[in-house]
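Every read-out reported here was derived from the displayed coordinates using simple, explicitly stated rules and does not represent laboratory data. In this text, all values refer to a predicted model and were calculated from it rather than measured experimentally. No Cβ is skipped: glycine too gets one built from the backbone with ideal geometry, and neighbour counts run over all protein chains shown.
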Amino acid sequence: MPIALAQKAIDDSARAMASAPAEALAGAARTLAHTLADGGTIYICGNGGSASQAQHFAAEFVGRFLMERPALASVALTTDSSILTAIGNDYGFELVFARQVRALMKPVDLLWGLSTSGRSPNVLKAFQAAKEIGAKTLFMCGAKAPEELDLDSILTAPTPDTPRVQEMHLLYGHTLCHLVEHLLFAAPGELDKS
């Protein structure tokens, strides 16, 4: 039985990965690369597993992904326990990211939010704050993104299973890091091509 369950998980994951939206990923990567090339910062947020992925992706930009290159400006909004607990206590958990967005982000920046359900109130409020500032936005979510959002890029993971959504978000994030490095450092002439 455990072998059959393991094989089912592998097969389900492979099916989900095969549906990854290459064209949408390439478009989102161009937006990220333009943000960085224009002197902007990528801010990333999410809850639980998505918070750890936010930190992971920020580290890939600031450190490196596949190539030696200059550090890229990226900040996970999930890491400062004093800010998170102060805002959560004083204003409510729904504002832990939006308050940071209003304090830190400029119109040249980009907010990248992750939510497996697509309905995390604090991530959605952060997007509202980013749009008010005039910043660009990227949302990675499960199969269904909220229709009321007016975001620049949305990458859905077309599966109802949370573990598969998280796996797809990891694939999407790594793909975006790879493409950003390619566009900014390996082949910068490709950045403005469609």
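For the pair segment 93-108 / segment 131-175, the C-alpha centres are spaced 18 Å from each other. Need one word for segment 1-52: rounded, prolate or oblate. Basis is the Cα gyration tensor (sqrt eigenvalues a ≥ b ≥ c); a/c below 1.5 gives rounded, then a/b vs b/c decides. Oblate, since a/c reaches 1.5 and b/c is not below a/b.
For the chain, the relative contact order comes to 25 percent (Cα pairs under 8 Å, sequence separation of at least 6).
The convex hull drawn around the Cα atoms of the chain, when projected onto a plane and averaged over every direction, covers 11.9 nm². Segment 1-18 and segment 54-69 have Cα centres separated by 29 Å. For a straight C-alpha distance cut-off of 29 angstrom, the lysines reachable from LYS144 (same-chain residues fewer than eight places away being disregarded) are LYS8, LYS106, LYS125, LYS131, LYS136.
About the Cα centre of segment 1-141, how large is the charge dipole given +1 on each Lys and Arg Cβ and -1 on each Asp and Glu Cβ? Please answer in debye to the nearest 20. Don't skip to the answer; put the middle values down first.
Numbers: 12 positive and 11 negative charges, 34 e Å.
Value, rounded to 20: 160 debye.
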